[in-house]
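Q: The structure's right below; bear with me while I get my questions together.
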Amino acid sequence: MLSEYQGGTTATLVDIRESLVRQRGQALADGIGLLSIQRRVEGDRIGHCGLIVGRGHFEEQEIAYELLPRVHSFGNATEAARAVVEAAFDTGRRRIWSTVRACNKPSLRVLEKIGFHPDHSVIDERGELIYLVRNAL
Ligand SMILES: CC(C)(COP(=O)(O)OP(=O)(O)OC[C@H]1O[C@@H](n2cnc3c(N)ncnc32)[C@H](O)[C@@H]1OP(=O)(O)O)[C@@H](O)C(=O)NCCC(=O)NCCS
């Protein structure tokens, strides 16, 4: 996935493997993490979606997702994110956050489609970062 994004990556396979091992260790320790998104018909894995602590805290986690560029705009992120949010609320969680750059229109649209709303923004060295939230019904 890293190599398919514009500009690619300078990370080596070893770096990426190590980072995945670290992420998996963290997921096992926390009981939450990113899950692969696999298409039912094609059977291929096209990205990931799940809960992370992110910029939040353990009691109120963030949803995160990323898909291969060649499958963007087919509704896949929305479907995956909706499933993660529903599963998260089914476990008794009451609130889920997401933090998105103001320039990331596709991600903001995904969140809008699944019922998140902007709560506040912060400005950092990379520009505006929007904190969005969705409460359990
Ligand atoms: C964000 C991301 C996961 C969206 O995945 P996706 O499968 O394309 O999302 P969906 O198809 O479910 O929905 C995308 C929506 O954004 C819209 N969209 C796409 N580009 C847009 C743009 N430039 N401006 C406004 N809306 C845009 C699409 O039309 C679609 O909305 P619609 O269903 O109303 O037509 C994908 O772009 C991605 O992997 N980006 C890089 C990683 C990333 O930014 N992750 C989130 C970090 S906060």
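Q: Mind listing whichever residues of segment 69-90 are more than 13 Å from the chain's Cα centre (by Cα) and at pLDDT 95 or above?
A: Within segment 69-90, the first condition is being more than 13 Å from the chain's Cα centre (by Cα), and the residues that meet it are 69-75, 86-90.
Listed by number, the residues that qualify are VAL71, HIS72, SER73, PHE74, GLY75, GLU86, ALA87, ALA88, PHE89, ASP90.
Q: Among the residues of segment 74-83, is there at least one that is part of a loop (DSSP other than H, G, I, E, B), more than 14 Å from the ligand (Cβ to nearest atom) and either touching a helix residue (DSSP H, G or I) at 6+ places or on another chain (Cβ under 9 Å) or under 20 Å from TYR5 (Cβ atoms) (or both)? Please lay out each step first, then the result.
A: Going through segment 74-83, the residues part of a loop (DSSP other than H, G, I, E, B) turn out to be 74-75.
Still in the list and also more than 14 Å from the ligand (Cβ to nearest atom): none.
No, segment 74-83 has no match at all.
Q: Continuing with the same structure: Pull up segment 39-52, narrow it to residues that are more than 9 Å from the ligand (Cβ to nearest atom) and β-branched (Val, Ile, Thr), then point me to the one that is surrounded by the most Cβ atoms within 10 Å (Cβ to Cβ). Outline the logic, then answer.
A: Restricting attention to segment 39-52, the residues satisfying the condition of being more than 9 Å from the ligand (Cβ to nearest atom) are 39-45, 48, 50-52.
The next check asks that each one be β-branched (Val, Ile, Thr); those that pass are 41, 52.
On the way: VAL41: 5, ILE52: 17.
Ranking the candidates gives ILE52 first.
Q: With respect to the numbered conditions (1) outside any loop (DSSP other than H, G, I, E, B); (2) over 23 Å from LEU51 (Cα atoms), which one is the sole condition not fulfilled by SER19?
A: Unmet for SER19, out of (1) outside any loop (DSSP other than H, G, I, E, B); (2) over 23 Å from LEU51 (Cα atoms): (2).
Q: Among the candidates SER19, SER36, which residue alone is of a type outside the set (Asp, Glu), under 21 Å from LEU2 (Cα atoms), surrounded by fewer than 18 Cβ atoms within 10 Å (Cβ to Cβ) and in contact with a His (Cβ under 6 Å, 6 or more places away or on another chain)? First the steps, then the outcome.
A: Numbers: SER19 fails: in contact with a His (Cβ under 6 Å, 6 or more places away or on another chain).
Residue meeting the stated conditions: SER36.
Q: Follow-up question, since we're still on this one. Considering each residue of segment 73-109, count those that are among the hydrophobic types (A, V, I, L, M, F, W, C) and either under 15 Å from SER121 (Cβ atoms) or in contact with a Lys or Arg (Cβ under 6 Å, 6 or more places away or on another chain) (or both), and give that number.
A: Let us first name the residues in segment 73-109 that are among the hydrophobic types (A, V, I, L, M, F, W, C), namely 74, 77, 80-81, 83-85, 87-89, 96-97, 100, 102-103, 108.
Filter once more, so that each one left must be either under 15 Å from SER121 (Cβ atoms) or in contact with a Lys or Arg (Cβ under 6 Å, 6 or more places away or on another chain) (or both): 96-97, 100, 102-103, 108.
Residues meeting the conditions: 6.
Q: Do we have any residue at all in segment 117-128 that's surrounded by 18 or more Cβ atoms within 10 Å (Cβ to Cβ) and either without any contact (Cβ under 8 Å) to a residue 40 or more places away in the chain or among the hydrophobic types (A, V, I, L, M, F, W, C) (or both)?
A: Filtering segment 117-128 for residues surrounded by 18 or more Cβ atoms within 10 Å (Cβ to Cβ) gives none.
Within segment 117-128, not a single residue is surrounded by 18 or more Cβ atoms within 10 Å (Cβ to Cβ) and either without any contact (Cβ under 8 Å) to a residue 40 or more places away in the chain or among the hydrophobic types (A, V, I, L, M, F, W, C) (or both).
Q: Here is a further query. Please enumerate the residues belonging to segment 53-68 that are surrounded by 13 or more Cβ atoms within 10 Å (Cβ to Cβ) and within 11 Å of the ligand (Cβ to nearest atom). Lay out the reasoning, then the answer.
A: Pass one, segment 53-68, residues surrounded by 13 or more Cβ atoms within 10 Å (Cβ to Cβ): 53-54, 56, 60-68.
Result: GLY54, GLU62, ILE63, ALA64, TYR65, GLU66, LEU67, LEU68.
Q: Then there's this: When you scan segment 84-112, how many residues do you find that are farther than 19 Å from GLN38 by Cα, in a helix (DSSP H, G or I) and within 6 Å of the ligand (Cβ to nearest atom)?
A: Qualifying residue count for the region: 4.
Q: Could you please let me know if THR91 is without any contact (Cβ under 8 Å) to a residue 24 or more places away in the chain and closer than 25 Å to ARG45 by Cβ?
A: Details: without any contact (Cβ under 8 Å) to a residue 24 or more places away in the chain: yes; closer than 25 Å to ARG45 by Cβ: yes.
Taking the combined requirement at face value, the residue satisfies it.
Q: Still on this structure: Quick one: LEU108 ticks every box in (1) surrounded by 12 or more Cβ atoms within 10 Å (Cβ to Cβ); (2) within 16 Å of LEU51 (Cβ to Cβ); (3) not polar (S, T, N, Q) bar one, so which box is it?
A: The single condition LEU108 does not satisfy is (2).
The values are calculated or read from the model by the stated rules, or taken from the named source; none is laboratory data. Predicted model only: the values in this text are computed from it and were never measured. All Cβ positions, glycine included, derive from the backbone under ideal geometry; neighbour counts span all protein chains shown.
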